[in-house]
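First up is the structure itself, then whatever we jot down about it.
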Amino acid sequence: MNIVVLVKQVFDTEAKIVIGADGRIDDSNVTMVMNPYDENATEEALLLKERLGGEVIAVAAGTPKAQETLRTALAMGADRAVLVSDPALQSVSDDYAAAQALAKAVSELKPDIILTGRVAIDYGSKIAGRVAEILGIPQVNTVTRLEVNGDKAVAAREIDGGSEVIEVTLPAVFSAQKSLNNPRYPTVAGIMKAKKKELKTLTLADLGLDATMSGKMQIVGYSLPAGRKGGRVIPGEPGQAAAELAKLLRSEAKVI
Amino acid sequence: MIFELSEDHQMMRKLARDFAEKECLPGLEERDEKEEFSRELFAKMGELGFNGVVFPEEYGGTEADYISYAIIVEELSRVDASMGVTLSAHLSLGSYPIYKFGTHEQKTKYLKPLAEGTALGAFGLTEPMAGSDASGTRTMYVDGGDCWILNGSKIFITNAFYADTYVVFAQSDRSKGSRGISAFIVEKGTPGFSFGQKLKKMGIRSSATYELVFEDCRIPKENLLGKEGEGFKIAMNTLDGGRIGIAAQALGIAQGAYEAAVKYAKERQQFGQSIAGFQNTQFTLADMATQIEAARLLVYQAAYLDSAGKPYGKASAMAKLFASETAMWVTTKAVQIFGGYGYSREYPVERMMRDAKITEIYEGTSEVQRLVIGSQILKEF
């Protein structure tokens, strides 16, 4: 069983976002981590390998720094890793370009199963659908349970108010929901071994893709959300204060 | 000179931090309040490979370096100083002497389970009359023909009662002073080996501390560690390394208190602004950050020297001295920034201040560290 897991390096959820002098997000003092949903995808890939045998290959597209996230996947237990890194791909938020590159890299690995997180927490991108479409294979998103039997897989996915069970023929793409599993910690031994595992870096040219391939988007600028305004305390007796509150909700806030 | 952690070390830090925050933090206050040791957390650390992090794979370890070890103890202690010292005493004191001075058979039998995390280690040196002066050891041993026979007692033994394997020091002839001391490996459950009082402590309350009692305790001949009379050398050599662990523990305590203080200073409003807006607070936070950074460089330097196989006795004494005094100063100032809340058990800095104090005392008091550094400096000139 060839299992590919797509992982993305993102800002730590507690990172403070700062816009630099050049108008871009300044990541120089930010801790980078593996996208949390990709941790679930990696865990599922490792569980499948433990059950069915085979190989887990972690794949990422990003800057050379994204190697760190691939090393984390290797430390968790992935067998080898591929990083697609190219100056043409530096615009991290362009899903179109990233998906083209990832799909090409993945197709060369001839996977039976492709796993990734249901969403990247930085730009909200959902790469699973794009990759599946480019490869022309089935996809099941927001998966909470996954069973593989021969060349078929049964996956349960979250839908409004319930879950839906879907059977697909492999190869197929699955995107992981948080509740799919409980990601393991990498171990010290895993971290030590990760150094010795293969981590290949490919450019767009290596993949036979046009290095001048442009994205579909142009980032015009960034701005931070407006700071939260302080609350307001209405003083006085409870009855009076409540009356005043109701009046303000009607006249000032215009919500009732 | 490279002042940056390698990718491995950064991964170790993230792993240890995640473990401390997700596994040690829940229940921490209760363990402190009830003085409860958690063997379960120790076993979980073993599964991650913390418990034998520096030892060879052959003996159950994971062959990482002492910087990795320091980072793990630091990150545990940033959240839970008791867990930090449990690991430090287990690895540096309980396991290291077996690794360094043990035979292949002793390492296979004792070090392997210690490093793999199935066994817990402890170190029995301190006695009522032998604290900073280990040559005053009064626990006696005699050659009983087919065994060694131990009599005496030890106090303030970290991990005792719960530990499976103890490295114990005893004297054959008090007139010989430090040259009469030998080291032995003693298993829990050996007839004649029991535990005395549990020590009620100011801080690190969820770390176990007990007395060891030996009454005609017969130990197999093959459990002598090193040669007869080498005990003092083994103890001193072990304590040099142990200092790196305690220095890392102190560093972690300081870091935890500093982070709590910065966060609180930004939230706490007085006189119409956050107290972080006052220059007085900023100066305190600046001093905290600077001292912690200096302590960190000393700790990692000592760990680097140890890993590189270079002399590290002076460096580890400096790291332990500076980091422990930094921990005491930073936690005291953190309590001050929290004001009345800082004195309350509702907030973590109260515990951190109690935990910090011991780092200036155990594994060589600050005074002993100055003695070690002073004598080394004079030798160098």
Yes/no for A:Y96 being within 12 Å of the chain's Cα centre (by Cα), open to solvent by 30 Å² or more (accessible area, probe 1.4 Å) and within 24 Å of A:G136 (Cα to Cα): no
By my count, strands (runs of 3 or more DSSP E) wholly in region B:181-248 with at least 1 residues that are closer than 14 Å to B:F123 by Cβ are B:181-187, B:209-220
B:T86, sole failed condition from (1) within 28 Å of B:E35 (Cβ to Cβ); (2) surrounded by fewer than 23 Cβ atoms within 10 Å (Cβ to Cβ); (3) among the polar types (S, T, N, Q): (2)
Out of curiosity, is B:L199 within 24 Å of B:S95 (Cβ to Cβ) and open to solvent by 20 Å² or more (accessible area, probe 1.4 Å)? yes
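Conditions (1) open to solvent by 20 Å² or more (accessible area, probe 1.4 Å); (2) away from chain B (no Cβ under 14 Å); (3) under 19 Å from the mean Cα position of the chain (by Cα), marked per residue:
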| position | (1), (2), (3) |
| --- | --- |
| A:V106 | no, yes, yes |
| A:G124 | yes, yes, yes |
| A:D160 | yes, yes, no |
| A:V168 | no, yes, no |
| A:R184 | yes, no, yes |
| A:K200 | yes, yes, no |
Considering each residue of region B:268-285, count those that are over 30 Å from B:I358 (Cα atoms) and open to solvent by 60 Å² or more (accessible area, probe 1.4 Å), and give that number. 7
When B:R78 is evaluated against the numbered criteria (1) touching a helix residue (DSSP H, G or I) at 6+ places or on another chain (Cβ under 7 Å); (2) within 13 Å of chain A (Cβ to nearest Cβ); (3) farther than 21 Å from B:K188 by Cβ, which criterion, by number, is the only one it fails? (2)
Is it the case that A:A189 is in the same structural domain as A:A73 (by TED's automatic domain parsing), within 18 Å of A:A45 (Cα to Cα) and either under 22 Å from the mean Cα position of the chain (by Cα) or open to solvent by less than 70 Å² (accessible area, probe 1.4 Å) (or both)? no
Selection count, region B:22-66, where residues are more than 11 Å from chain A (Cβ to nearest Cβ) and of a type in the set (D, E, K, R): 11
Would you check if there is a residue in region B:103-115 being β-branched (V, I, T), in contact with an Asp or Glu (Cβ under 9 Å, 6 or more places away or on another chain) and open to solvent by less than 10 Å² (accessible area, probe 1.4 Å)? no
Please find, among B:T290, B:T331, the residue that is part of a helix (DSSP H, G or I), open to solvent by less than 10 Å² (accessible area, probe 1.4 Å) and of a type in the set (V, I, T). B:T331
May I ask you to say which residue of A:V18, A:V10, A:V84 is out of contact with any Gly (no Cβ under 6 Å at 6 or more places or on another chain), crowded, with 21+ Cβ neighbours inside 10 Å, closer than 28 Å to A:P225 by Cα and of a type in the set (A, V, I, L, M, F, W, C)? A:V10
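The values are calculated or read from the model by the stated rules, or taken from the named source; none is laboratory data. Bear in mind the structure is a predicted one, so any value in this text is a computation, not a measurement. Because the Cβ atoms are built from the backbone with ideal geometry, glycine has one as well, and the counts that use them run over all protein chains shown. In case anyone asks, the SASA skips ligands and DNA or RNA and just uses the protein heavy atoms, side chains included. Shrake-Rupley method; radii C 1.70, N 1.55, O 1.52, S 1.80 Å.
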